[in-house]
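The values are calculated or read from the model by the stated rules, or taken from the named source; none is laboratory data. Keep in mind that this is a model prediction, so the values were computed, not measured. For neighbour counting, all protein chains shown are included, and Cβ atoms are generated from backbone atoms with ideal geometry for every residue, glycine included. Ligands, DNA and RNA are excluded from the accessible area calculation, which covers all protein heavy atoms including side chains. Shrake-Rupley method; radii C 1.70, N 1.55, O 1.52, S 1.80 Å.
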Number of protein chains: 2
Amino acid sequence: MLELRLVQGNLLKKVLEAMKDLVTDANFDCSVTGFSLQAMDSSHVALVALLLRSEGFEHYRCDRNITMGMNLNNVSKLLKCAGNDDIITIKADDGGDTVTFMFENPKQDKISDFEMKLMDLDSEHLGIPDAEYHATVRMPSLEFSRICKDLSSIGDTVVISVTKEGIKFSTRGDIGNANIVCRQNTTVDKPEQATVIQMNEAVSLTFALRYLNSFTKATSLSETVTISLSSELPLVVEYKIADMGYIKFYLAPKIEDDE
Amino acid sequence: MLELRLVQGNLLKKVLEAMKDLVTDANFDCSVTGFSLQAMDSSHVALVALLLRSEGFEHYRCDRNITMGMNLNNVSKLLKCAGNDDIITIKADDGGDTVTFMFENPKQDKISDFEMKLMDLDSEHLGIPDAEYHATVRMPSLEFSRICKDLSSIGDTVVISVTKEGIKFSTRGDIGNANIVCRQNTTVDKPEQATVIQMNEAVSLTFALRYLNSFTKATSLSETVTISLSSELPLVVEYKIADMGYIKFYLAPKIEDDE
DNA sequence: TCAGCGGTAG
DNA sequence: CTACCGCTGA
């Protein structure tokens, strides 16, 4: 028996909006720890990892570990039927092949429930090593999103370089080259507006902008984003989910074969 | 001679927006009582009935009953030329074959008039029996609209059931089943937000969501909608038009041929 | 990628 | 009430 009650239902709505373009089908895993998901995108280049810790739910009951395969597009459709300030409850029976999403509006006079068939999916649990990164940058998520969008109008790939000076995003395309540098900046009104560079070793890697733009769909989940880089390791783009966990996107660097 | 002056011209604009997707051509009937219309949709499944009582007009002159056939799409196009707070005057000569719409802006420095040829249409005046309904539900029109829209992302038809508990909307589709229950709720700040159930007998009927979604185009005419159901009778969805009358939509239930 | 609708701001 | 911007759906 599984029963998870999430007061801030719109978190779940946003999470699905953030994932559904990248991943079509995925297994959600429930344990006493929390509600989580790990999935690769269809081209097996990027990976999403979601964690919503049990403590973040108003009520969390998970009698035994359970894996629920769902089509994220369908889940997203269902969640579109939830109001932005609805309370969402997820229910499933052990051994059952369906999951039920229940939405209660704040006035408590409208209750919707949606039952969806589960899918049987191969789980591809990739042990993600908890690596030490050469560089980690925290910056306003909206700024990162804007940069990725802007650069993708010039080129397809971006070189992200971190030095003590700051983080530099460079691209080149038919119409020219572009470089955007964000310097460390901690003298701001609100800590969320800060750009903080933590660097052990300078690093410079190339990524496909297409995926980064997909990742930034999560922007509304958090005012800040954390970008971690190491040579030879996938980039990590992490959005914290208030009091509950995170959504992390991993993306393998491109091997630069020209020049 | 016909001359109707409507100060709140945007009512007429909204009325036409609400009808034009459902009905292509229709006869408008004028009598001393008021300005009315009854028409079936092109597939003869739904019916619209409009009434704007003469008292709602600033000036209402109708020397003799007159029937004016119009293409609602064309009328709607003309009305798009009226400003939202223009005063609209409708004029026609007895025995003439044209109608004139005149728009005056609030500052009274711009006057437009549009003359349109009338059409000769068979009138299909369906005596709508003033039935006693098994159940009548009044609820916020926006909520009804939202429910119909949400459910149509899951399925094509909706089962509407009324019990003492409330009104339930159910659908099923490829991705799963959905149920939305609205409980009676009169403890709200504004009476327009209340959901009021009046039931003599429990009732459960099936309708095509496509039509309901068409009806909800009238949502902006009124904050509340009244839904009346009886087994074997068409559903009625009524939007009151402030101080003037109503627009009512009738829809025959689907006969459930499976199970 | 483009168009239409809804929401927000002036 | 109008105009602009952003988001969603086709």
Listed residue (B:27, B:44, B:88) projecting farthest to the positive dipole end of the stretch B:1-132, Cβ model: B:88
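Ordering B:112, B:153 by how much accessible area each has at a 1.4 Å probe, largest first, what is the list?
Descending accessible area places them as B:153, B:112.
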Computed E for residue A:84/residue B:121 - FRET, C-beta separation, R0 56 angstrom, nearest 0.05: 0.75
Full-extension gain in nm, residue B:98 to residue B:149, via 0.36 nm per residue minus C-alpha separation: 14.5 nm
Chains A and B together, accessible area buried on both sides, 1.4 angstrom probe, square angstrom: 1500
Rounded to the nearest 10 Å², the accessible area of residue A:125 at probe 1.4 Å: 120
Degrees between helix B:141-151 axis and first principal axis of chain B (Cα, 0 to 90, nearest 10): 60
Chain A: most fluctuating residue of A:227, A:111, A:160 per GNM, C-alpha cutoff 10 Å: A:111
Listed residue (B:230, A:169, B:108) projecting farthest to the positive dipole end of the protein assembly as shown, Cβ model: B:108
Cross-link pairs B:91/B:240; B:107/B:149; B:117/B:149; A:80/A:254 - those with Cα-Cα distance over 31 Å: B:107/B:149; B:117/B:149; A:80/A:254
Gain in span if fully extended, residue B:33 to residue B:254, counting 0.36 nm per residue against the direct Cα distance: 76.1 nm
Electrostatic dipole magnitude of chain B [Cβ: Lys, Arg +1; Asp, Glu -1; Cα centre; debye, to 20]: 740
Dipole in debye (nearest 20) - the stretch B:152-206, about Cα centre, beta carbon charges: Lys, Arg +1; Asp, Glu -1: 120
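Would you mind giving the mean number of other chain beta-carbons within 10 Å of the Cβ of each residue in B:170-178, as a whole number?
Partner Cβ neighbours, averaged per residue: 5.
Mind listing which trypsin sites (Lys or Arg not before Pro) in the stretch A:112-166 are in a DSSP loop and have 15 or fewer other Cβ atoms within 10 Å? If you can, show how the numbers build up before the last one.
Values: sites: A:117, A:138, A:146, A:149, A:164; in loops: A:164.
Filter output for the stretch A:112-166: A:164.
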Cβ-Cβ FRET estimate between residue B:163 and residue A:177, R0 fixed at 51 Å, reported to 0.05: 0.15
222 nm mean residue ellipticity, helices alone, for chain B (DSSP H n ≥ 4; -39,500 (n - 2.57); rounded to 500): -4000 deg cm²/dmol
Residues in the stretch A:73-94 reached by a label modelled at residue A:61 [backbone nitrogen below 18 Å; 7 Å Cα→Cβ]: A:88-94
Choice from A:62, A:81, A:148 showing the highest fluctuation, given a GNM over chain A with Cα pairs closer than 10 Å: A:81
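Please arrange A:66, A:241 by accessible surface area, largest first, computed with a 1.4 Å probe and ligands excluded.
The residues order as A:66, A:241, largest area first.
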Spin-label model distance (nm) - residue A:44 vs residue B:213, 7 Å beyond Cα toward Cβ: 3.8
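How would B:75, B:7 line up by accessible area, probe 1.4 Å, largest first?
So the residues, ranked largest to smallest area, are B:7, B:75.
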Shielding score for B:11-19, defined as the mean number of other chain Cβ atoms within 10 Å: 0
Max mean-square fluctuation residue, GNM over chain A, Cα-Cα springs under 10 Å, options A:245, A:95, A:69: A:95
Solvent-accessible area, 1.4 Å probe, carbon plus sulfur percent, for the protein assembly as shown: 45
Average beta carbon contacts from partner chains per residue of B:143-150, 10 Å cutoff: 3
Size of charge dipole - the stretch A:145-259 - debye, nearest 20, with Cβ of Lys, Arg +1 and Asp, Glu -1, no other charges: 320
Average accessible surface area per residue within chain A, 1.4 Å rolling probe, Å²: 49
